[in-house]
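The values are calculated or read from the model by the stated rules, or taken from the named source; none is laboratory data. Note that the structure is predicted; figures quoted are calculated from it, not measured. In this analysis, Cβ positions are derived from the backbone assuming ideal geometry, glycine residues included, and neighbour counts consider all displayed protein chains.
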Amino acid sequence: MTVRTSDIEKAAGLLRAGGLVALPTETVYGLGANAEDPAAVARIFQAKGRPSSHPLIVHIGGADSLDEWVEDVSPTARLLAEHFWPGPLTLVLPRGPRVPLEATGGLDTAAVRVPAHPVALALLSAFGGGITAPSANRFGSVSPTTADHVRAELGAAVDFVLDGGPCEVGVESTIVDVTGEVPGVLRPGGVTREELEAVLGCPVTVPETSSVRVPGQHPSHYAPRARVVLVAPDKVVAEAEGAQERGHRVGVFLPPTAVTPPKVHAVVDLPASAAAYARGLYGFLRELDEQGCDLIIASLPAEEGLGLAIANRLRRAAGPRPDGEQLGRQER
Ligand code: TXA
Ligand code: MG
């Protein structure tokens, strides 16, 4: 997938003029605006239907400009930046004056990353500043991993979409809080816990990963229209066929070990490698929505490597949904 230089220039011009540009990154597509333009940043929240208290990530062109955006960069933060950038790692650090409070949801910290995608890097270089960008989807729904997903999610709310082909990683960046003594993972993602631990030489804490579902405490996110139900791997086929018999239009995330396709509405044959699963995950969820499934039966992968991020997204997709949101979804 090649993007013309004229398209990069056009996108950079739109950012300078306060516009919204969707850009490919190695993780998912982002909905970008000039990080230093509060009015443009406000348009992001509007386009996504996202509460303005949710902080955004500032994308920058290189680790060498980190100090322009954040302060008190610790040796640990520096080490992680040098090791993983460009790449799917986001660092949370004390906010510098260039990052407006609108971009951080009022927080005194800011999230920063250097994306590993040639089109994103070309845009950052042509634009010259920081690009604040959440995933380019409606709030709460599945993140986009192709330009078509972005157009389907946001339509006319975005001024221009740079098409850099399908995203390589497929799940969002790993977010690490490096404001304290001990770095803590706020969101598992494209850089694995094992990779972080190898570089830091110490164990890294990851947020609670239990599957206990308490209403209200586990708000739905990364969710398709269809309801997502997680079951034990050896129960997937039986649960799916049972639900189909009860009248559901069931879509199944079928583990690679399963031999016979279950008698259900639609099947996604999961790839054996975690990298391929992560790359395909959001596309699979969208595919089952498109096929008209109202219920998706899946199981959690082993929570190691990229499996940790996949399991995190599946749990959130299966989380309880606010009534209003669910109504909205049915009406779509
Ligand atoms: O891979 C990614 O990170 C993608 C691509 C486009 O870069 N972006 C992305 O952005 O996933 P978004 O807005 O969907 O998720 C950003 C996450 C949010 O969960 C937000 O709470 C967290 O980053 N975040 C941002 N600033 C933060 C801060 N100062 N402290 C803690 N969390 C922060
Ligand atoms: Mg998002």
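Annotations for the structure displayed:
- Candidates Leu285, Leu308, Leu254 - the one that is surrounded by 19 or more Cβ atoms within 10 Å (Cβ to Cβ) and within 26 Å of Leu196 (Cα to Cα): Leu308
- Members of segment 78-99 found to be out of contact with any helix residue (DSSP H, G or I) (no Cβ under 8 Å at 6 or more places or on another chain), under 14 Å from Gly180 (Cβ atoms) and surrounded by 22 or more Cβ atoms within 10 Å (Cβ to Cβ), listed by number: Val92
- Answer from Asp108, Asp148 - the residue that is over 14 Å from the mean Cα position of the chain (by Cα), surrounded by fewer than 19 Cβ atoms within 10 Å (Cβ to Cβ), free of Cβ contacts under 8 Å to residues at least 12 places away in the same chain and assigned by TED's automatic domain parsing to the domain that holds Glu195: Asp148
- Residues satisfying the stated conditions in segment 42-76, i.e. charged (D, E, K, R), assigned to a helix (DSSP H, G or I) and more than 19 Å from the chain's Cα centre (by Cα): Arg43, Asp64, Asp67, Glu68
- Cβ-Cβ contacts under 6 Å between residues 6 or more apart (or on different chains), taken from a first residue in segment 14-39 that is assigned by TED's automatic domain parsing to the domain that holds Arg113 and closer than 14 Å to Gly170 by Cα to a second residue that is of a type in the set (Gly, Ala, Ser) and assigned to a loop (DSSP other than H, G, I, E, B), are listed as Pro24/Gly164; Glu26/Ala116; Thr27/Ser173; Thr27/Gly190; Val28/Ser143; Tyr29/Ala136; Gly30/Ala133; Gly30/Ala136.
- Matching residues, segment 46-55, being closer than 14 Å to Leu20 by Cβ and surrounded by fewer than 20 Cβ atoms within 10 Å (Cβ to Cβ): Gln46, Gly49, Arg50
- Of the helices (runs of 4 or more DSSP H) lying entirely inside segment 98-163, those carrying at least 1 residues that are within 16 Å of ligand 2 (Cβ to nearest atom) and of a type in the set (Asp, Glu) are 147-154.
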